[in-house]
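What follows is a short report on a single structure.
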Amino acid sequence: MTTAMHSELGDPALELGRLLSGQYPDARGRFGPFGGRYVPETLWGAITRLESAAKLALADPAFATELAFHQRTWVGRPTPMMRAANLSTAWGCNVWLKREDLAHTGAHKINNALGQAMLAKRLGVTRIIAETGAGQHGVATAAACARMGFTCRVYMGAVDVERQQPNVQRMKWFGAEVVPVTSGDATLRAAIDEAMRDWVCDPMGTHYLLGSAVGPHPFPWLVRTFQSVIGTESREQMLSPAGAARLPDAVFSCVGGGSNAIGMFHGFLADPSVLIYGAEAGGRGDATGQHAATMAHGRPGVMHGSYSYLLQDDHGQVVKTSSISAGLDYPGIGPEHAFLHAIGRVQYVPVTDQQALDAVREVCRSEGILPAIEPSHAVAAAKAWAKANPGATLLINLCGRGDKDMPILMKNLA
C-alpha cells in the first residue's frame, strides 16, 4: 500500500468501527481510499438514481416483506448449516459447511439477482443486462428476470461459454439472450466491459444487474447488502444448539470479485475472536498470467468504475489471468475487500488449481457433495489452516454446487 493510502486510513480498530457503524461507504462511495465512481458522464444519472432507489427500498418495510417472501418460497432460505462429520475426523477439527449450494439455481448469486430485479421494478426500466463468468450469476439473473417479467441479456466471455455449457443452456431455458464476448481475454473481465458498453447506450431504460461486489458505487454496497443474508444466517446457525453452539474460530470463503465472501464475512466482522480468510485463485503459479490472486500479487488502481487492488503491469495495464475456476478468473477485487485487507481484518491466501481440484475430490468422497470449483478453493484453504490448528471450529461457505463444472471436472479429475 502506498503512503498516500496509509494517510487516508486511521487505526484499524477505528476504521473497522466506521465500517460496522455504516460510515463506510461514505458519501463518495468509498471504503477509506477504495471504491468511488469512475464512470462516464452518460451513466451518472443512472448510477445516482439507483443509489437513491436502493436507499428508499431498503428502508421500506414492504420491500423487506416481499424480499423475505421470495427468499423463503422461491430461493429456499434459510439455507442449511451442516457439520461435515467425515471431514472433521480427517482434519482433526470441527468443520461446518454453509450450504449456499442448496439455494435455488445452485449458488449464492440468486440472493443479489433477486434483490436487484426487485429494485429494477421500482426503477421502471424495460430490460436487464448482466455479466457472468462461471455462469451462476447469469443463471440467477435469467431466473429472476423470468419471475419478475423482464427481458434479459447476459454477456459471457467466449472462453467461459465454452467451459460452462450447462449454465449457458440453463440461461437460455429461462429466456435470456446469451452474448459471447470475444474481445480482450474473453473471460469475466471482458464480459463486464461489454455489459458496461451496452448500459451506456441506454442508461435510463436498462438496469445493469452487476453480479459481484465490484464496480462503481453503489454496486459494491448494494451487492454486499443483498448477500449479507449469508453471514447473518450463518452466525445465528453456528450459535444455535443445532449448530456448534459457539462462534467459529475461523471462517473461509472463496474470492474473485468477492460477493459470496463479503456476504459471509459481514456476519463475523464484529467478532474479534473469529479469524476470516478469503481464498484467491492461485492458478498454476506465481508468474504473471498464471493466476488470479489479486491480493497476493496486485496493487491499487482503477478498473470497472472503482479504485481497488488489481493485477497490472509496470505501465498500469491490466494483465491476463488464469484459473481453472471461471468465477474466480478476474484481475480485480471488490473495494470493500481491499479495505478489509488494508486494515488487516481479513487475510487473503492463494490456492492453486490443483489444490482446488483435490478439494473437490475430497468433499465428494467424504461428504457425498459435489462442490463447485470456486468454493473448493475455500475448502483447500480451510484444510491447510486446520493442520496448524487441531481441534478448532471452522466454517466454510460452500457457495455453489459443481454441476456447472462437469465438463472441466471430467477432463481434470480421474
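All of the numbers you see were taken from the coordinates with simple rules; none came from a lab. Only a predicted model underlies this, so the values are computations on that prediction, with no experimental measurement involved. Note that each Cβ is placed from the backbone with ideal geometry, even for glycine, and that neighbours are counted across all protein chains shown.
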Quiz prompt | Ranked by how many other beta carbons lie within 10 Å on average, peptides 305-313, 194-202 from highest | solution = 305-313, 194-202
Quiz item: Two-decimal Rg/Rh of the range 198-262 from alpha-carbon positions, Kirkwood Rh?
Solution: 1.17
Quiz item: Given a Förster radius of 30 Å and the C-beta distance between D358 and A242 as r, what FRET efficiency does 1/(1 + (r/R0)^6) yield to the nearest 0.05?
Solution: 0.50
Practice problem: Largest first and to the nearest Å, give the Cα extent of the chain along each principal axis. | Solution: 55, 50, 49
Quiz item: Which residue fluctuates the most in the chain, going by a Gaussian network model with Cα springs under 10 Å, if the choices are A381, A356, A59?
Solution: A59
Self-check item: Label zone at D11 (point 7 Å along Cα-to-Cβ), backbone N below 18 Å, the range 328-359
Solution: 343-345
Practice problem: At q = 0.15 Å⁻¹, what is the base-10 log of I(q)/I(0) for the range 163-320 according to the Debye formula with one equal point scatterer per Cα and no solvent? Please give it to two decimals. | Solution: -1.01
Quiz item: Of the residues L114, L209, L97, which exhibits the maximal mean-square fluctuation in a Gaussian network model of the chain defined by a 10 Å Cα contact cut-off?
Solution: L97
Self-check item: Size of electric dipole in the range 297-414: Cβ of Lys, Arg +1 and of Asp, Glu -1, about Cα centre, debye, nearest 20
Solution: 220 debye
Self-check item: Approximate shape of the range 331-414 as ellipsoid semi-axes (Cα gyration tensor, √5λ), whole Å, largest first
Solution: 24, 17, 11
Quiz item: Are there cysteines in the chain with no other Cys C-beta under 4.7 Å, and if so, which?
Solution: C93, C201, C254, C364, C399
Exercise. Please figure out what share of the DSSP beta bridges in the chain is antiparallel and state it in percent, rounded to the nearest 5.
Key: 35 percent
Quiz item: Which value does Rg/Rh take for the range 1-114 over its C-alpha atoms, Rh per Kirkwood?
Solution: 1.09
Quiz item: Which whole-percent values make up P(r) of the range 255-414 when all C-alpha to C-alpha distances are grouped in 10 Å steps starting at zero?
Solution: 11, 40, 35, 13, 1
Self-check item: Ascending count of other beta-carbon atoms within 10 Å, so fewest first, for C93, C364
Solution: C364, C93
Quiz prompt | Point-to-point label distance, C201-T73, nm (Cα→Cβ direction, 7 Å offset) | solution = 3.7 nm
Quiz item: Counting pairs of alpha carbon atoms under 8 Å apart in space and at least six apart in sequence, what relative contact order in percent does the range 1-160 give?
Solution: 13 percent
Practice problem: Quick one: among H304, H217, H207, which has the greatest mean-square fluctuation in a GNM of the chain with alpha-carbon springs under 10 angstrom? | Solution: H304
Quiz item: Tally Lys/Arg at +1 and Asp/Glu at -1 over every other residue whose Cβ is under 15 Å from the Cβ of V161; what's the total?
Solution: -2
Self-check item: Eligible lysines near K404 by straight Cα distance, threshold 16 Å, same-chain separation 8 or greater
Solution: K109, K172
